[in-house]
Amino acid sequence: MRHYVGGGFDGSGVPFPLVDPVRGTTAGEAPAASRELVDRAVDAARAALSGPWASWSPAERARLLHRIADGIEARFEEFVDAECADTGKPRELASTVDIPRAVANFRSYADLLVGRAERSWNTPTPDGRGALNYTVHKPLGVVAVISPWNLPLLLLTWKVAPALATGNTVVAKPSELTPGTACLLAEVMAGAELPPGVFNLVHGGGGDAAGQWLTEHPGVDAVAFTGESRTGSTIMRAVAGRLAPVSFELGGKNAGLVFADADLERAVEGTLRSAFTHSGQVCLCTERVYVERPVFDAFAEALAAGARELTGYGPMVSAAHRDKVLGYLGKAAADGRILAGGGVPRFGDDRDGGFWVEPTVLTGLPEDHPAVREEIFGPVVHLAPFDTEEEALALANAGPYGLAATVWTGDVSRAHRVAPALDVGIAWVNTWNLRDLRTPFGGVKASGIGREGGDHSLDFFSEPMNVCVKL
Ligand code: NAD
Ligand code: 6OD
């Protein structure tokens, strides 16, 4: 595990331990960047802005993004191994979602860049000769990309790819819990013929460490961050003095709405996926489901049975996160009912030292209960009944978050009525987490600031400038 600064690898810094979430054993270590190294990374990124990188055409940058994607594909299994070692996630998930999506992130921004149209306007003037207005997109400068532990490579590359596509230079800081695939990405970058300093990587923690030092650094022109809403507030304060732009993808407490006219089998299967994928450690996971009363009992019974039958799921990422999730389950057991799970699975082997929590279905809690209102980010879903469409919408839209929601219905008019009325950035109907990388992605309220995806990312990572030429 090494930093990558100014085109060179660097192993300096106090080592911190990496823990295998499956067994709870120490699995290695990574170096924490010193403040001096963070300064060097930002300086390298700033210097690269005025080097040969500045004259790379969009087509050259697009070819670079494809080379990076090729480099990840060439070492696909190593990336899968590293993602599984850090997160404990099942191999099936890393090899069908995380690593392919990282490849797709680079390829899709390469394609978007080449096809990007610039707008121009013919402007009438009193002398009849007119003026030509057109837009030039410039990079923002040095961008800090700070990412979380749940989908480490997917979420890092989701921001690094468009940042490079638009001509910025990057200093990336992955979560201190999951630095492995970022290290491999730096090796791919080193082989991808990009000028030194265009991509830099530093490791370490958030507060009073590399993360904070980056966001406070006067040489950082913008911060693209994914993580907890509270951390987003802290970063906003850090950049406020210099008015640096931010793009934030933050927490969620996503609702599912199941109407009585839905295909119940499909709704149960979809909710099992939306609640328990990566053991609930995906920001888009459903943590509360409102079910129309006539089908509530049947849905609850089928979902609980499905949850009990789940196998092949992974652990929580850390002991601290496992304890946080179990804390919610303790409160829920006291105040409501547990229909499935609620505890720690026992394997009778070395996995018993890991950070496991059973897929859990809760019911009977009031809406202001911490387990219903706060983001748990684990394999826990709460079920409650509703009687009318208005009530369902009010329940889904309550609370501080507004990231995603899922609607299960067989009535196409209801689908088009309910989905746009949800106070979220993304609403799925009769599916979950079906992604088209050209669409806007982000949250409202405490779930984020700004939109990424497709042109939205290209717009965030560039500064549009108007040129007006009198003819
Ligand atoms: P986190 O906020 O604790 O950490 C995220 C990153 O920020 C890490 O790299 C961390 O080191 C860094 N960080 C922490 N404090 C910092 C500070 N003061 N200054 C600068 N950097 C700092 O989040 P996490 O626990 O790693 O991830 C889980 C959270 O992320 C959940 O809330 C989840 O909902 C959210 N998330 C949101 C999305 C989305 O797209 N909306 C996607 C994934 C995760
Ligand atoms: O699919 C994406 O583009 C994305 N940003 C997913 C985020 C998932 C959160 O854990």
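Identify all residues within the stretch 224-254 that are away from ligand 2 (no atom under 16 Å from the Cβ) and among the hydrophobic types (A, V, I, L, M, F, W, C); write none if there are none. Matches in the stretch 224-254: Ile235, Met236, Ala238, Val239, Ala240, Leu243, Ala244. Looking at this structure, is His382 assigned by TED's automatic domain parsing to the domain that holds Ala110 and not hydroxyl-bearing (Ser, Thr, Tyr)? It is false that His382 is assigned by TED's automatic domain parsing to the domain that holds Ala110 and not hydroxyl-bearing (Ser, Thr, Tyr). The single condition among (1) within 15 Å of ligand 1 (Cβ to nearest atom); (2) buried (at least 21 other Cβ atoms within 10 Å of the Cβ); (3) of a type in the set (D, E, K, R) that Glu176 does not meet is (2). Inspect the stretch 341-348 for any residue being at pLDDT 95 or above, of a type outside the set (D, E, K, R) and either over 28 Å from the mean Cα position of the chain (by Cα) or not in a loop (DSSP other than H, G, I, E, B) (or both) and give the result as yes or no. Yes, because at least one residue in the stretch 341-348 is at pLDDT 95 or above, of a type outside the set (D, E, K, R) and either over 28 Å from the mean Cα position of the chain (by Cα) or not in a loop (DSSP other than H, G, I, E, B) (or both). Might you check whether a residue that is crowded, with 23+ Cβ neighbours inside 10 Å and within 26 Å of the chain's Cα centre (by Cα) occurs anywhere in the stretch 386-395? Taking every residue of the stretch 386-395 in turn, none turns out to be crowded, with 23+ Cβ neighbours inside 10 Å and within 26 Å of the chain's Cα centre (by Cα). Applying the set (1) more than 22 Å from Asp20 (Cα to Cα); (2) at pLDDT 95 or above; (3) surrounded by fewer than 24 Cβ atoms within 10 Å (Cβ to Cβ); (4) more than 10 Å from ligand 1 (Cβ to nearest atom) to Phe199 leaves exactly one unmet item: (3). Cβ separations smaller than 7 Å between residues 6+ apart or across chains give no pair from the stretch 270-288 residues that are within 8 Å of Lys253 (Cα to Cα) to residues that are near ligand 1 (Cβ under 10 Å from one of its atoms) and in a helix (DSSP H, G or I). Kindly provide the set of residues from the stretch 67-78 that are assigned to a helix (DSSP H, G or I) and either in contact (Cβ under 8 Å) with a residue 60 or more places away in the chain or surrounded by fewer than 17 Cβ atoms within 10 Å (Cβ to Cβ) (or both), ordered by number. Result: Arg67, Ile68, Asp70, Gly71, Ile72, Glu73, Ala74, Phe76, Glu77, Glu78. Only one of the listed residues (Ala333, Ala267) is more than 16 Å from ligand 2 (Cβ to nearest atom), farther than 21 Å from Asn433 by Cα and not assigned by TED's automatic domain parsing to the domain that holds Val22. That residue is Ala333.
Here Ala238 fulfils each of the conditions (1) at negative phi; (2) touching a residue at least 40 places away in the same chain (Cβ under 8 Å) apart from (2). Is there a residue in the stretch 205-215 that is farther than 24 Å from Leu403 by Cβ, buried (at least 22 other Cβ atoms within 10 Å of the Cβ), in the same structural domain as Trp53 (by TED's automatic domain parsing) and within 16 Å of ligand 2 (Cβ to nearest atom)? The answer is no, given that none of the residues of the stretch 205-215 is farther than 24 Å from Leu403 by Cβ, buried (at least 22 other Cβ atoms within 10 Å of the Cβ), in the same structural domain as Trp53 (by TED's automatic domain parsing) and within 16 Å of ligand 2 (Cβ to nearest atom).
Looking only at the stretch 134-152, decide whether some residue is part of a helix (DSSP H, G or I), assigned by TED's automatic domain parsing to the domain that holds Val103 and either over 18 Å from Gly88 (Cα atoms) or within 12 Å of ligand 2 (Cβ to nearest atom) (or both). Among the residues of the stretch 134-152, at least one is part of a helix (DSSP H, G or I), assigned by TED's automatic domain parsing to the domain that holds Val103 and either over 18 Å from Gly88 (Cα atoms) or within 12 Å of ligand 2 (Cβ to nearest atom) (or both), which makes the answer yes.
Taken over the stretch 409-439, the residue count meeting the criterion of being farther than 21 Å from Asn168 by Cα and either in a strand (DSSP E or B) or within 11 Å of ligand 2 (Cβ to nearest atom) (or both) is 10.
The values are calculated or read from the model by the stated rules, or taken from the named source; none is laboratory data. Please read these numbers as outputs of a predicted model, since none were measured by experiment. Quick reminder, even Gly has a Cβ in these numbers, built from the backbone with ideal geometry, and neighbours come from all protein chains shown.
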